[in-house]
Amino acid sequence: MSDHHTSPDTGAPYDADAQIHLGVFYPGVGPQTVWEDPEAADHTSADTFVEVAETLERGLFDAFFLGDGQRVRENRGDILSTDIAGRPDAITQLSALIAATDKIGLVATQNTTYSLPTDLVRRLASLDVLSEGRAGWNIVTTDNAWTGENFRHGGWLEHERRYERATQLVEFAKEYWSAWATSDVAKDGDAESWLSSEVLGVVERATDLLQARAVPTVPSSRQGRPVLFQAGDSTGGRELAARHADVVFSANAEFDAAVTYARDLRTRLAAHGRTPDSLRILPGVTLVLGDTDAEAEEKGRWLHANTYNPQRSIAFLEHYWGKDLTAYDPDGPLPDVEPVEDELDPSRGTLAIASRTGKLEQIQEWRRLSEQQGLSIRELVLRVAPSPKYHTGTAGSIADRWTHLVRHRVVDGFNINPYHLLDSVGDLVEKLVPALQERGVYRTEYTTTTLREHLQLPAL
């Protein structure tokens, strides 16, 4: 008998039958990916991603997400070569995985700020049709002009205006994808035409942010359209998610923060006439597993130390100082030269910046902290630089924590960022999945074929 009641400590709905949904999100760049380890796989090879996808499908994962970047990261105008620089187009990479997999969802991160609308929605529709309803779109905006420089129209948009354009593009995409269905195509050669002329309409938008006009070229897929994912932590992101997303992933992976986030998002859903069950919440986490807690903690320390190695530590400070600091010893004191006075430019790409204002005050605070505690450059960077939020422990302890969160319905699962290809992916399948299955919160086989069905989302 199902156990459904309201949790007295949170007020969140409790569901003993809840099932956890898992994705793996590979960003492709960033200090959290330890590419320089001799045992790491090739991060741009098709063979690597085929192996990853096959492994995750063996682990019955809902989806494999690929990050995307339309320009490589830079530091003071030069390529940030301490990060992985190669970023093949996500849709192209995922298309190569269609034939290698049968069930797992394939989610492409694609940018709404600079992408040409008709080209983008057509390519996403193609991925969805060719995969027979396994495609998803991770909707992202881009906050920098240096990416825009790779495009004819260039430019830069303020934060909220980016979400205005994203909303308009998503609405355009939905209309495009629903223009005609498989049933509109001739069933046999006796039909007078291959496609019913009644559905050949034009989809268009004309605003100050979006100019698009298109005649759709493919039918709806088996799941109707690509599943829409949105990283919704900002106000604009939460509103876009509440209006249009099927899945939202955030930084709120701990219980109290997850409760607050879920309540806020569900209030926004209601304001847009949507039910709580129409959206899945999958926080993003970096998971570090060990056979014992001590082993997991040791792995976590190794990962944290390698997140900002000596070269990355210097590059991190260079972004603030605005100067070449390569002559300084990462294990020595902070640079004794003064930084340039200019604030961090919000229109430029950043390395890992928490705030773009108050730079000089921030540097003075770091100098005080370094002097008081005797910190070297690298020690300081490891202390102050943004880093992933790790979930560290044995497979059993992580399974217990995640089961608690999912059954209280404050999250619906997790989007896991692998820090090491391929070892950390193998750990998920060989260690975590069996522990979740033992607790009755994870499937033991695929019973559905489309990504929308895997996620237990309402039919369109």
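Quick notes on this structure:
- Each Lys and Arg adds +1 at its Cβ and each Asp and Glu adds -1 at its Cβ; summed about the Cα centre, the chain shows a dipole of about 1100 debye.
- Kirkwood hydrodynamic radius of the stretch 156-198, Cα pairs, Å: 13.1
- Share, in percent, of DSSP beta bridges within the chain that are antiparallel, nearest 5: 25
- Charging the Cβ of each Asp and Glu at -1 and of each Lys and Arg at +1, and nothing else, the dipole of the stretch 103-202 about its Cα centre rounds to 380 debye.
- Overall Cα dimensions of the stretch 219-338 - principal axes, largest extent first, Å: 58, 41, 36
- The alpha carbons of the stretch 210-265 give a radius of gyration and a Dmax of 15.3, 47 Å, in that order.
- Charge dipole (the chain, unit charges on Cβ, about Cα centre) - positive-most of HIS454, GLY273, ALA296: GLY273
- Charge dipole (the chain, unit charges on Cβ, about Cα centre) - positive-most of VAL247, ALA41, LEU56: VAL247
- Options VAL227, VAL185, LEU200, ranked by Cα towards positive dipole end of the stretch 168-241, top entry (Cβ charges): VAL227
- Cα-based Kirkwood hydrodynamic radius, the chain, one decimal, Å: 23.6
- With the Kirkwood sum run over all distinct C-alpha pairs, the stretch 122-176 has a hydrodynamic radius of 12.9 Å.
- Semi-axis lengths, largest first, of the ellipsoid equivalent to the stretch 354-444 are 39, 16, 12 Å, with √(5λ) applied to each eigenvalue of the Cα gyration tensor.
- Dmax and Rg, reported as Rg then Dmax, of the stretch 43-155 (C-alpha, Å): 15.1, 44
- Solvent-accessible area, 1.4 Å probe, carbon plus sulfur percent, for the chain: 49
- Computed from the alpha carbon positions, the gyration tensor of the stretch 276-320 leads to an equivalent ellipsoid with semi-axes of 29, 22, 5 Å, biggest first.
- Computed over protein heavy atoms with a 1.4 Å probe, the accessible surface of the chain works out to 43 Å² per residue.
The values are calculated or read from the model by the stated rules, or taken from the named source; none is laboratory data. Small disclaimer: the values here were computed from a predicted structure and weren't measured. Glycine also receives a Cβ, built like all others from the backbone with ideal geometry; neighbour counts cover every protein chain displayed. When the accessible area is computed, the model is the full protein with side chains, heavy atoms only, and any ligands, DNA or RNA have been set aside. Shrake-Rupley method; radii C 1.70, N 1.55, O 1.52, S 1.80 Å.
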